Ligand SMILES: [Zn+2]
Ligand SMILES: [Zn+2]
């Protein structure tokens, strides 16, 4: 399409260095964008909320987070505040000297690859449903419709490195009826036609399109997939990758495992997982099916829960003195020497009082992250217990580092042919789930946690509520809000005060009264105070 | 000094705090005494080690929080008596206990336990009692202080708004030769004129070569005027706390980033500010934050508060840095004038307390 003949229409390249057939289909690759960090795959991208990795400022993302890319959701940027219904979303007007408004608006370092999708991951299911014109999204001001046209305009304006076209998804946990599934495929097919035309026929977009592969059976979407394949065959620039919503679809579209070679030209495309795996076991499974890049909601979930992830790939060797060697004498029928080993946890609950005087790094497996090299468990435990925000920041940094090392080790194993064996050991050695953690969560970040009926998977598990006080996350949020308004009022006073140019004595007076950043625990009693060594209990004289 | 109440400055890392130029920050003894508690502090090896802070720490005595947080606190000669917030059983914080806690914390500057009263307290006799008791408590603190070789104990001047009582207290305290001296009891709602008189009265009597610390002071104009009156150091939670409500401190006043007018404002939080958030993006360590982005995430993602915290702390430290430079260059009056003209576009709205206080030290805000 480009007439000068030297630049392909997209600046992205993806090389497959190795496909490990014997490992089921896991692949080793390298994704490159000019001017961005190179991404060796398999790998993961950071998952943002409203354009930020939760709790981590953009400078720390660049310095400490070990992620080369981030996923952002358009619905996080297009709310319509009631009083300003008619204003266009501010993000569309972001000036950007590097022509990357999405990076510029979010202060995301330009070295980091940005992926733009329509919905958050995981997305809240909309009661309004999608239409032929587009989808329903959930913003901080409520549900609203986004048409295919609006979405295409948004993508062209924001100019992410990678964009995922709209897909007709239900975001429900149950499988759609076959009638609904068929309509999902048809709509997505219609929408992708429009997408290709608007992006690459009428314009000459440099944005890399990662087309959705739907979470419905292959038989329901083969026509749509065929279109992708054909369009790509006639113009490779229109399709740079696949956004896969169900890893089990990969065998159907990969020529190595499927009987037909129908989709051979889709094989070399990078596959981005929008599957939200809930633990590293699921990551390994999807990776074995041929997934290349992951988005991992469990990272922030673990950090918010006070969990420091602690797994490594491969798992550490069994202790020299392992229980199996002693047990073999008792039970001769235990030939599998690695089976009876106690399972290792995938993460450690940092809020546990057992860490309160521990000067160890967060996890002992030689993690080199900022949190582990400059801080220790005792500090993180204290921060979580005092509900200081830095606790969650440090955990985010650590947890991202653990997963970065996990992927680096996987790539090494794929390169030297040891992946299958190491993955087997990993499955045997670690507990199936990441512990849920007993620490108090940060205040549920508002509207994303809105309840929307019986099918919703609760973000704030009910079990948490008893540690947060009465009610559920939402209630708690309200309560905190109430508490803060006094302080907010003080600040408002102060501002009005300043604007009117009068003395700030009044404000400062109120200020010191409202200065109650923390009171002792609800449950603290005199004995606690004494035990903690703050003061001594007084025996009243009789 | 920014205030890291519970050994953490509102979500920013010690590394980021360092990058704002901060070399001394405050921890609250009351909070650290409860969480993580003295036993943990001893086991970990103090608060520096706990929070990974390579620079200086100052701790208060814990008494002020007692009195202000727990309404039922009662001060006796022995110490601060209060009822446990939960079960109502009586508790006691003594000067000795406060010292022991601060020794465990290992702060570079520690404060004596004092008998704090709001300066507007109407009872003169009680005010005198509090002042004299604070002197007696200083003696007990000095005696109980285990590490005078490596921790600096500051005394605290009390005496409310009674200047004669303040003078008397100054003489008594100075005679005890602590490494530094604090002026306490202010920021409690007294008129600004009275505040300035107290600061000026005390600084006049204090020795030249000891740092003078006005406690709990933090609005920019308070810092500048108090500096003019001869004070050296200050602390306030306001810059970090106000950040959490979306407020940015700038030389033109406080701006609330939540306001709609900033939704499409793609300028830095403050033009010309050198903090990591605001400095031009082509400079080392620049984050490239816009007002629009802070607006977008105010009250929605903690990161917005972290960014404003970095900016606000930088602003306050930079303001004091500017004052130091001006003093060295012998241009302090010009610095003060510029500060007020930036803050108040109309001279007529200059606060009279500041105008009057500055006049007493020979700075005339209206002279051009
Ligand atoms: Zn780590
Ligand atoms: Zn700034």
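Odds and ends about this structure:
- Check on residue B:192, surrounded by fewer than 19 Cβ atoms within 10 Å (Cβ to Cβ) and touching a residue at least 24 places away in the same chain (Cβ under 8 Å): no
- Residues within segment B:197-211 that are crowded, with 23+ Cβ neighbours inside 10 Å and under 16 Å from the mean Cα position of the chain (by Cα), tallied: 1
- Scanning segment A:365-377 for residues that are free of Cβ contacts under 8 Å to residues at least 40 places away in the same chain and part of a loop (DSSP other than H, G, I, E, B), we see that the one that is nearest to the other protein chains (Cβ to nearest Cβ) is A:375.
- Checked across segment B:196-212, the condition of being within 12 Å of chain A (Cβ to nearest Cβ), in contact with a helix residue (DSSP H, G or I) (Cβ under 9 Å, 6 or more places away or on another chain) and modelled with pLDDT under 95 holds for no residue.
- Test set (1) crowded, with 20+ Cβ neighbours inside 10 Å; (2) at pLDDT below 95; (3) more than 14 Å from every other protein chain (Cβ to nearest Cβ) - residue B:186 fails condition number: (3)
- Scanning segment A:378-405 for residues being in contact (Cβ under 8 Å) with a residue 40 or more places away in the chain, within 11 Å of another protein chain (Cβ to nearest Cβ) and more than 9 Å from ligand 1 (Cβ to nearest atom) gives a total of 10.
- Filter result for residue B:258 (over 30 Å from residue B:165 (Cβ atoms), within 14 Å of chain A (Cβ to nearest Cβ) and within 15 Å of ligand 2 (Cβ to nearest atom)): no
- Answer residue from segment B:320-345, given it is assigned to a helix (DSSP H, G or I) and in contact with a strand residue (DSSP E or B) (Cβ under 9 Å, 6 or more places away or on another chain) and is nearest to the other protein chains (Cβ to nearest Cβ) among those: B:343
- Assessment of segment A:128-137 against the conditions (touching a strand residue (DSSP E or B) at 6+ places or on another chain (Cβ under 8 Å), closer than 25 Å to residue A:218 by Cα and at pLDDT below 95) yields at least one matching residue.
- The residues in segment B:259-270 that are within 21 Å of residue A:108 (Cα to Cα), over 26 Å from the mean Cα position of the chain (by Cα) and part of a loop (DSSP other than H, G, I, E, B) can be counted, and the count is 6.
- Subset of segment A:201-223 [part of a helix (DSSP H, G or I) and surrounded by fewer than 23 Cβ atoms within 10 Å (Cβ to Cβ)]: A:201, A:218, A:219, A:220, A:222, A:223
- Within segment B:276-303, the set of residues being within 13 Å of ligand 2 (Cβ to nearest atom) and either more than 9 Å from every other protein chain (Cβ to nearest Cβ) or touching a strand residue (DSSP E or B) at 6+ places or on another chain (Cβ under 8 Å) (or both) comprises B:278, B:279, B:280, B:283, B:291, B:294.
- Scanning segment A:338-360 for residues being within 16 Å of ligand 1 (Cβ to nearest atom), in a loop (DSSP other than H, G, I, E, B), surrounded by 16 or more Cβ atoms within 10 Å (Cβ to Cβ) and within 12 Å of another protein chain (Cβ to nearest Cβ) gives a total of 1.
- Tabulated pairs, segment B:251-276, first farther than 17 Å from residue B:322 by Cα, second in a loop (DSSP other than H, G, I, E, B) and within 14 Å of ligand 2 (Cβ to nearest atom), C-beta under 6 angstrom, 6+ apart or interchain: B:266/B:290; B:268/B:278; B:269/B:277; B:269/B:278; B:276/B:285; B:276/B:287
The values are calculated or read from the model by the stated rules, or taken from the named source; none is laboratory data. Just so it is clear, the model here is predicted, and its values are computed rather than measured. Positions of Cβ are backbone-derived with ideal geometry, glycine not excepted, and every protein chain shown enters the neighbour counts.
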